[in-house]
Amino acid sequence: MKRVKFRKSLVMNIIAVFLVFNILSILLFTYYVMAEEENKSLEYARNSLREIVEEKSELISIRFQQIENQAQMLGIWTEKLLQKGGYDQVLPDDYVFEEDGTISRKRDEDKSVQEQSNIIVSRTVEKSPELMEQINLTEELDRAFAQILENEDVTWAYIVTRDNLLRCSPYRSLNSVFQSDHDQIRDIFYTTADEENNPERKPVWTKPYADYLGTGRTMTCSQPVYDSDDQLYGVICLDLSIKNIESEYFEDFSLGKSGKAYWLDKSGNILYHTDYSDDAENGGQVYEKNIFEEEEISEEKEEVLQKAVAGGEGIEIIPSDEGRSLIVYEEVKAADSVLIIEIDMDEFRSQKTFDLKKAGLLIVIDLLLGGAFALILYFRFSLPMRKLVRGADRISKGDYGYIKEEESKGGEDYYEIAQLKQAFKSMNDSIEGYTETLLDRNREISTILETIEGTLMIVDVNGLIRVRSKASPGVHQEDIDRAIEQIKEQRTAFSEQTVVSGEVYRNRYYPIIKEDGRVDKIVVFSECITKNILMEKEVQQLEKMAGIGQLSAAIVHELKNALALIKGAAYILQIIDDGEKGKKEVDTIMKAVEEAENVMATLLDFSRKDSGKREMISLASMISQILLLSKKEIIGRNIQVDTR
């Protein structure tokens, strides 16, 4: 018996697989737990950041929408005041002409600064009655301004008219802020809402700019006001300090060590950025920092930011210098901007590390369990299996006494080993039965092949005959070789006919093709078809005769009409002509007509279809029909027939 190498032992392989599987299971389980914890932390962070961004975006949007509504209502109120008209065209007592040529308003100590507004009119403006009327009309807005300023979001409420009148609330000394020739209608809070930049006449927001009155970066909601002549009268302005937005929504918002918050408009201009501070010093100076120009950003980040400023909401993960960054963005619809939070994903990673000592201890325990498992397998599985292998070797050599020896020993084995022993016994008992069955099947197949009239054979691609039922004179080796070449080219079955010693044989060739498409063997079936061909010709001849009979019936039918006329005419001549000579000629005609009628009757009788019933026939009539049909051949061969 061949000696099996130790490394190929099934038991040792099972033990090795057991140990490797358990060690890998420990490592994979540890990795899975850490990864699952990290994924949960990341998912929690994603959801939390998204909720935070959505909440802050919604709150900012609500604040902007409230200010827009207030500006719009104030614009409507101002237009109603314009429609009312009838205001004095003289300067009220509490307004004064300053030495620098401007006009301002005295402070009323009985009122709070929110209840009183101040004005400034540039010295370059003509002090016309229309200007005085504007001063009196706009003073009507003080109460509305005071109500709006109760909303802490609004830092300044004011109106700028087309004649360069600025009325601002709460009260503040404006002469110390603006130059005496300052042109208010050129400031961003006016030009943003004029006819050219705001043809829709809706509330619009300015870009961030430095507030003249020192409140830092400011965005103004500007609402245009048109008079009854549909001309721009002025612009209502409500200022929103970005510092207030920062202090309320961003300063106390913890984003970890790497977190950044962006607030961008739809062009990418920075409204707020964690890393940027106010750097505009002059009042009215517009902040022109753009996120795509100020920072050196990767293509992936630029693509995400472009998607964010285009509108909508989303969460993206992009590569960064530190690894990967998570970007969450949400549109601030009322402010036509977007709020973005970027944070390094390492911030969310689990701080738990792989405990090498615990893992090593688990591996040692696993090795000890593997050793115990190996001993059990050796004594309870490996040794019995070796005995079975030796028994199988004895059975293969024809020694069937092993089965009886094992049965006599007895003993208790594992279920699987006992099943194997029983299988060996069943195999031993079944071999003889299977052999006899195969012999029976072989005899049956041989009998079937012998009953086939033709010859059946199987040949390989080299032309060697592997199986043949019997010899056939209709197929030769050259026929087989030719068929093999044709089947190799066409890979389809075909048949051919050949004539040998006056007999016709039909040979059919069927290829047996393997899975890879190559021809493996060819089945050849040869049969003698001489009788079949003769029968086919006889059937064809009968069909021709049937056709002749049908044609004859048609001709006879037509000729009978003509003969009837001739016979009738001859009868009339026989009555009319009494001469001997004429009578002789008429008798000749009548005799010829009768012979023709007999011939036609014979043809009609031959052409009639067989009824399928047995009946008595005239043998003389039958002979007459045969002689009639064979008349041409009889005359051609000069045969004399005596019909007496």
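The values are calculated or read from the model by the stated rules, or taken from the named source; none is laboratory data. Small disclaimer: the values here were computed from a predicted structure and weren't measured. FYI the Cβ positions are ideal-geometry reconstructions off the backbone, even for glycines, and counts take in every protein chain you see. Ligands, DNA and RNA are stripped out before the accessible areas are found, and what is left, the full protein with its side chains, is counted by its heavy atoms. Shrake-Rupley method; radii C 1.70, N 1.55, O 1.52, S 1.80 Å.
May I ask you to say which residue of Ile445, Ile512 is of a type outside the set (Ser, Thr, Tyr), loosely packed, with under 15 Cβ neighbours inside 10 Å and part of a strand (DSSP E or B)?
Numbers: Ile445 fails: part of a strand (DSSP E or B).
From the options Ile445, Ile512, the qualifying one is Ile512.
Please find, among Asp163, Asp181, the residue that is of a type in the set (D, E, K, R), in contact with a helix residue (DSSP H, G or I) (Cβ under 7 Å, 6 or more places away or on another chain), part of a loop (DSSP other than H, G, I, E, B) and open to solvent by 10 Å² or more (accessible area, probe 1.4 Å). Even if it seems obvious, please write down each step before you answer.
Numbers: Asp181 fails: in contact with a helix residue (DSSP H, G or I) (Cβ under 7 Å, 6 or more places away or on another chain).
Exactly one of Asp163, Asp181 is of a type in the set (D, E, K, R), in contact with a helix residue (DSSP H, G or I) (Cβ under 7 Å, 6 or more places away or on another chain), part of a loop (DSSP other than H, G, I, E, B) and open to solvent by 10 Å² or more (accessible area, probe 1.4 Å), namely Asp163.
If you go through region 184-208 one residue at a time, how many are open to solvent by less than 30 Å² (accessible area, probe 1.4 Å) and touching a Leu at 6+ places or on another chain (Cβ under 8 Å)?
Final tally of qualifying residues: 3.
Any residue in region 204-233 that's over 17 Å from Leu137 (Cα atoms): show its pairings with residues that are acidic (Asp, Glu) at Cβ separation under 6 Å, as long as the two are six or more apart or on different chains.
Close Cβ pairs satisfying both conditions: Gly216/Asp278; Arg217/Asp278; Thr218/Asp211; Thr218/Asp239; Thr220/Asp239; Cys221/Glu68.
Show the residue pairs that are 6+ apart or on different chains and have beta-carbon atoms under 8 Å apart, the first residue being within region 79-92 and loosely packed, with under 10 Cβ neighbours inside 10 Å, the second being among the charged types (D, E, K, R).
As it stands, the answer is none, since no pair meets every condition given.
When you check Asp211 against the structure, is it modelled with pLDDT of 85 or more and buried (at least 18 other Cβ atoms within 10 Å of the Cβ), yes or no? Don't jump to the end; show me each part of the working.
On the way: modelled with pLDDT of 85 or more: yes; buried (at least 18 other Cβ atoms within 10 Å of the Cβ): yes.
It is true that Asp211 is modelled with pLDDT of 85 or more and buried (at least 18 other Cβ atoms within 10 Å of the Cβ).
So which residues in region 216-243 are open to solvent by 40 Å² or more (accessible area, probe 1.4 Å) and in contact with a helix residue (DSSP H, G or I) (Cβ under 9 Å, 6 or more places away or on another chain)?
If the condition is that a residue be open to solvent by 40 Å² or more (accessible area, probe 1.4 Å) and in contact with a helix residue (DSSP H, G or I) (Cβ under 9 Å, 6 or more places away or on another chain), then Ser228 is the only one that fits.
Within region 237-247, can one find any residue that is assigned to a strand (DSSP E or B) and touching a Gly at 6+ places or on another chain (Cβ under 7 Å)?
Yes, region 237-247 has at least one match.
Kindly establish whether Arg482 is of a type outside the set (Gly, Ala, Ser), at positive phi and surrounded by 11 or more Cβ atoms within 10 Å (Cβ to Cβ).
no
Yes or no: Asp440 modelled with pLDDT of 80 or more and either exposed (fewer than 15 other Cβ atoms within 10 Å of the Cβ) or over 54 Å from the mean Cα position of the chain (by Cα) (or both)?
On the way: modelled with pLDDT of 80 or more: no; either exposed (fewer than 15 other Cβ atoms within 10 Å of the Cβ) or over 54 Å from the mean Cα position of the chain (by Cα) (or both): yes.
It is false that Asp440 is modelled with pLDDT of 80 or more and either exposed (fewer than 15 other Cβ atoms within 10 Å of the Cβ) or over 54 Å from the mean Cα position of the chain (by Cα) (or both).
Tell me which residues, restricted to region 305-327, are closer than 25 Å to Trp205 by Cα and among the aliphatic types (A, V, I, L, M).
Once the filter is applied, which keeps residues that are closer than 25 Å to Trp205 by Cα and among the aliphatic types (A, V, I, L, M), region 305-327 yields Leu305, Ala308, Val309, Ala310.
Have a look at Glu543, Glu503, Glu489 and point out the one that is open to solvent by 60 Å² or more (accessible area, probe 1.4 Å) and modelled with pLDDT under 75.
Of Glu543, Glu503, Glu489, the one residue that is open to solvent by 60 Å² or more (accessible area, probe 1.4 Å) and modelled with pLDDT under 75 is Glu543.
Does region 31-52 hold any residues that are open to solvent by 70 Å² or more (accessible area, probe 1.4 Å), over 32 Å from the mean Cα position of the chain (by Cα) and modelled with pLDDT under 75, and which are they?
Tyr31 - this is the single residue of region 31-52 that is open to solvent by 70 Å² or more (accessible area, probe 1.4 Å), over 32 Å from the mean Cα position of the chain (by Cα) and modelled with pLDDT under 75.
If Asn290 satisfies all but one of (1) over 28 Å from Leu42 (Cβ atoms); (2) at pLDDT 80 or above; (3) surrounded by 15 or more Cβ atoms within 10 Å (Cβ to Cβ), what's the number of the condition it fails?
Condition (3) is where Asn290 drops out.
Can you tell me which residue in region 299-317 is least open to solvent (accessible area, probe 1.4 Å), limited to those that are assigned to a helix (DSSP H, G or I), of a type outside the set (A, V, I, L, M) and closer than 20 Å to His273 by Cβ?
Checked region 299-317; the qualifying residue least open to solvent (accessible area, probe 1.4 Å) is Lys301.
Cβ-Cβ below 8 Å, separation at least six or inter-chain, first residue in region 189-203 and on the phi > 0 side of the Ramachandran plot and modelled with pLDDT of 95 or more, second open to solvent by less than 40 Å² (accessible area, probe 1.4 Å) and part of a loop (DSSP other than H, G, I, E, B): which pairs?
If the second residue must be open to solvent by less than 40 Å² (accessible area, probe 1.4 Å) and part of a loop (DSSP other than H, G, I, E, B), no pairs are left.
Go through the residues of region 322-330 one by one and say whether even a single one is surrounded by 20 or more Cβ atoms within 10 Å (Cβ to Cβ), polar (S, T, N, Q) and out of contact with any Ser or Thr (no Cβ under 6 Å at 6 or more places or on another chain).
Checking region 322-330: at least one residue is surrounded by 20 or more Cβ atoms within 10 Å (Cβ to Cβ), polar (S, T, N, Q) and out of contact with any Ser or Thr (no Cβ under 6 Å at 6 or more places or on another chain).
Take Glu200 and tell me if it is farther than 23 Å from Lys266 by Cβ and not in a strand (DSSP E or B). Please lay out each step first, then the result.
On the way: farther than 23 Å from Lys266 by Cβ: no; not in a strand (DSSP E or B): yes.
No.
Which ones in region 318-341 are of a type in the set (Gly, Ala, Ser), modelled with pLDDT under 85 and in a strand (DSSP E or B)?
Ser320, Gly323, Ser325
Out of the residues in region 459-476 meeting the condition of being under 58 Å from the mean Cα position of the chain (by Cα) and not in a strand (DSSP E or B), tell me which one is surrounded by the fewest Cβ atoms within 10 Å (Cβ to Cβ).
Step one: of region 459-476, the residues under 58 Å from the mean Cα position of the chain (by Cα) are 459-469.
Pick out the ones that are also not in a strand (DSSP E or B) and you get 461-464, 469.
Details: Val461: 16, Asn462: 7, Gly463: 15, Leu464: 11, Ser469: 18.
Once the filter is applied, the top-ranked residue is Asn462.
Yes or no: Ala596 more than 24 Å from Gly547 (Cα to Cα), modelled with pLDDT of 75 or more and part of a helix (DSSP H, G or I)?
So Ala596 fails the test.
Output yes when any residue across region 168-187 is closer than 18 Å to Thr215 by Cα and under 60 Å from the mean Cα position of the chain (by Cα), and no when none is.
yes
When region 444-482 is examined, which residues are found to be of a type in the set (S, T, N, Q) and either at pLDDT below 75 or within 23 Å of Gly502 (Cα to Cα) (or both)?
Ser446, Thr447, Thr451, Thr455, Ser469, Ser472, Gln477
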